[in-house]
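Engineer: This is the structure I want to talk about, given as structure tokens.
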Amino acid sequence: MFAYVDEFGNISDTPPTQQYKFKEEDLQRPADPTEEYRFGKVSFYNEIGHYGFIRDNETRDTVYFNDNLAGMVLGLNQAVKYKYARSKQGNQITEVEKI
């Protein structure tokens, strides 16, 4: 016995009468959140260790940064625009700009 699944996930014992036509949006890759700029504010900064965390304005998630990654010194409560990447230690910035 054969089972056929149509485009809506319904199972039947007869093959479909017409072939499914792909739409353009079916072939588009979903947007990766790490490829777009996010907006946030520096919520913690350690002046001795030269590292801190940026809290995202929308998701309230934190992203790690240090002065070497940022390429500049960021201060506490500094508004920033940034991109991040996932690492084995957690999220860390890849690009950052002061606003």
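Engineer: In the stretch 71-82, what count of residues is obtained for those that are part of a strand (DSSP E or B) and either out of contact with any Phe, Trp or Tyr (no Cβ under 6 Å at 6 or more places or on another chain) or open to solvent by 70 Å² or more (accessible area, probe 1.4 Å) (or both)?
Structural biologist: Residues flagged as part of a strand (DSSP E or B) and either out of contact with any Phe, Trp or Tyr (no Cβ under 6 Å at 6 or more places or on another chain) or open to solvent by 70 Å² or more (accessible area, probe 1.4 Å) (or both) within the stretch 71-82 amount to 3.
Engineer: Taking GLN89, is it loosely packed, with under 12 Cβ neighbours inside 10 Å and of a type outside the set (Phe, Trp, Tyr)?
Structural biologist: Judged against the criteria, GLN89 is a match.
Engineer: To continue, here is another question. Can you name the condition, by its number, that ASN68 falls short on among (1) modelled with pLDDT under 90; (2) exposed (fewer than 10 other Cβ atoms within 10 Å of the Cβ); (3) not in a loop (DSSP other than H, G, I, E, B)?
Structural biologist: (1)
Engineer: Given (1) charged (D, E, K, R); (2) within 17 Å of the chain's Cα centre (by Cα); (3) open to solvent by 100 Å² or more (accessible area, probe 1.4 Å), identify the lone condition not met by LYS21.
Structural biologist: (2)
Engineer: For a quick check of your reading of the model, give me the residue pairs whose first member lies in the stretch 25-53 and is over 14 Å from ASN91 (Cα atoms), whose second is open to solvent by less than 80 Å² (accessible area, probe 1.4 Å) and in a loop (DSSP other than H, G, I, E, B), with beta-carbon atoms closer than 6 Å and at least 6 apart or on different chains.
Structural biologist: Every condition considered, the pairs that remain are VAL42/LEU74; VAL42/GLN78.
Engineer: Checking ARG60 against (1) basic (Lys, Arg); (2) under 13 Å from VAL96 (Cβ atoms); (3) surrounded by fewer than 11 Cβ atoms within 10 Å (Cβ to Cβ): exactly one of these is not met. Which one?
Structural biologist: Evaluating ARG60 over (1) basic (Lys, Arg); (2) under 13 Å from VAL96 (Cβ atoms); (3) surrounded by fewer than 11 Cβ atoms within 10 Å (Cβ to Cβ) leaves (2) as the failure.
The values are calculated or read from the model by the stated rules, or taken from the named source; none is laboratory data. It should be emphasised that the depicted structure is a prediction, and the values quoted were computed from it without experimental measurement. Don't worry about glycine lacking a Cβ; one is built from the backbone with ideal geometry, like all the others, and counts go over all protein chains shown. Just the protein is used for accessible areas: all its heavy atoms, side chains included, with ligands, DNA and RNA removed. Shrake-Rupley method; radii C 1.70, N 1.55, O 1.52, S 1.80 Å.
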